[in-house]
1. Name the single residue that is modelled with the lowest pLDDT among those in region 230-254 being in a strand (DSSP E or B) and buried (at least 22 other Cβ atoms within 10 Å of the Cβ).
2. Contact list please: Cβ distance under 6 Å, first residue in region 86-99 and at pLDDT below 50, second residue crowded, with 17+ Cβ neighbours inside 10 Å, pairs at least six apart or on different chains.
3. Scan region 131-155 residue by residue and report those that are of a type in the set (Val, Ile, Thr) and open to solvent by 10 Å² or more (accessible area, probe 1.4 Å).
4. Just give me the residues in region 255-265 being open to solvent by 20 Å² or more (accessible area, probe 1.4 Å) and either touching a helix residue (DSSP H, G or I) at 6+ places or on another chain (Cβ under 6 Å) or in contact (Cβ under 8 Å) with a residue 60 or more places away in the chain (or both), in sequence order.
5. In region 216-229, which residues are more than 21 Å from Arg142 (Cα to Cα), modelled with pLDDT of 80 or more and either within 27 Å of the chain's Cα centre (by Cα) or exposed (fewer than 10 other Cβ atoms within 10 Å of the Cβ) (or both)?
6. Across region 268-284, what is the number of residues that are farther than 23 Å from Phe125 by Cα and surrounded by fewer than 23 Cβ atoms within 10 Å (Cβ to Cβ)?
7. Checking Trp209 against (1) crowded, with 18+ Cβ neighbours inside 10 Å; (2) in contact with a Gly (Cβ under 9 Å, 6 or more places away or on another chain), which single condition isn't satisfied?
8. Give me the residue from region 302-344 that is under 16 Å from Phe255 (Cβ atoms) and among the charged types (D, E, K, R) and, out of that set, farthest from the chain's Cα centre (by Cα).
Amino acid sequence: MNDIDQVFTTALQERAGGDVRVEALLDGARRRGIRHRRNRRLATGAGAALAVAAVLAATTLLPRGAPTPAPGGSAPPSSADPSPAASSIVEKPRPPAASLAPLTAGGGVGEGRQIHLDTVDPAPFTLAWTSSNGLETIQASRGKTSKFGYSTYLAVVTQTAERLDQETAHMFANEPQTEPLRINGGATGTLRWSQEMATLRWQPLPGVWAMAWVMFHDSVPDPLPVITADDARGAMLEVSSAIRYDRVLRCTAQFRLTWAPPGTKTSTCSLQWTGTTGSASFGFTVPGRGTFSVSDTDAADWQPNTTYAGKQVQSDRDGSRIVVDGHGYLIEPGDSGLTKDQQLHVLTGIQPSAATDDPVR
């Protein structure tokens, strides 16, 4: 995961409580800045939008390379065909299917903190999802740039269009071009675009609203090519046609918390999937305070520098890590206000477990 990905996923996790606000996610990403901006034109106008387009959406920390084998291999094939070319696409491995109703069958956005979004795009080398109450995201980081000028995209689904419109209006530095766009399948969406980015808001299903982002010039040639209306339309048609809603994928982790601050609730599940393996992160909300996260992480990178409760830990400014029975775990305080002592108390209480969608239950 590159620096841009981490910027936005951190912002997502910090707002992973019950009422996730899109605006807060974007603002959080913008505040952190983007070290991978390689062109002043993008830095001037893109702000939070670059983080969105390069994302994923996920939470305080999308997993950092901890392998989780793909039990059961790919999810089952879908009967829906959101893209004219879908039937010819050979899908890459995915997390196993969850036993919940998909959005196409009346399932709820974020229900059970499971994943109700996927893509038939054959190009992504990394996929990242996040699921919380009433809001889900999917980020695809592609192995090649689309002919329309982007190599990553993000899609968000909620249950109200107003939420998307009001909370993302500030994304463009200048007034964007705006026009209706008829999407494959018959729906008409609202396209907004500039020389830096494009967004599309549409209603893919009754009671479900979606918005997608792409950032142009991901690899910043010199001089920058001019983005045309056809580029913007083509990019948004490509992305919207790739997103699918007819399956539910499992988002689980193999750990549990034996101690957490009183009243702590599991609020968000995130997953990053590369090749045939993935890793998970959970957001936990502390009443009246905020959200922290615990993630799978690579045990090989562990460098203990202190002890707590008789256990070796690696305690750093932005988070702490531990290895338990060969498995690595990372805690990040997010905006929870947890003291270092509380963080280490949570961390040293982590125990490996069977797959669970609620590590504090």
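1. Step by step, filter region 230-254, then rank; the result is Ala253.
2. Every condition considered, the pairs that remain are Ala86/Val120; Ile89/Val120.
3. The first filter runs over region 131-155 and keeps only residues of a type in the set (Val, Ile, Thr), leaving 137-138, 145, 152.
Within region 131-155, Thr145, Thr152 qualify.
4. Step one: filter region 255-265 for residues open to solvent by 20 Å² or more (accessible area, probe 1.4 Å), giving 256, 258-260, 262-263, 265.
Listed by number, the residues that qualify are Arg256, Thr258, Trp259, Ala260, Lys265.
5. Quick first cut of region 216-229, residues more than 21 Å from Arg142 (Cα to Cα) only: 222-223, 226, 228-229.
Subset that is modelled with pLDDT of 80 or more: 226, 228-229.
Answer for region 216-229, where residues must be more than 21 Å from Arg142 (Cα to Cα), modelled with pLDDT of 80 or more and either within 27 Å of the chain's Cα centre (by Cα) or exposed (fewer than 10 other Cβ atoms within 10 Å of the Cβ) (or both): just Val226.
6. Initial filter on region 268-284 (farther than 23 Å from Phe125 by Cα): 268, 283-284.
In the following step, the residues that additionally are surrounded by fewer than 23 Cβ atoms within 10 Å (Cβ to Cβ) were identified as none.
Residues flagged as farther than 23 Å from Phe125 by Cα and surrounded by fewer than 23 Cβ atoms within 10 Å (Cβ to Cβ) within region 268-284 amount to 0.
7. (2)
8. Filtering first and then ranking leaves Lys311.
The values are calculated or read from the model by the stated rules, or taken from the named source; none is laboratory data. All values derive from a computational prediction rather than experimental measurement. Cβ atoms come from the backbone with ideal geometry, glycine included; neighbour counts cover every protein chain shown. What goes into the accessible areas is simple: the full protein's heavy atoms, side chains included, and nothing from ligands, DNA or RNA. Shrake-Rupley method; radii C 1.70, N 1.55, O 1.52, S 1.80 Å.
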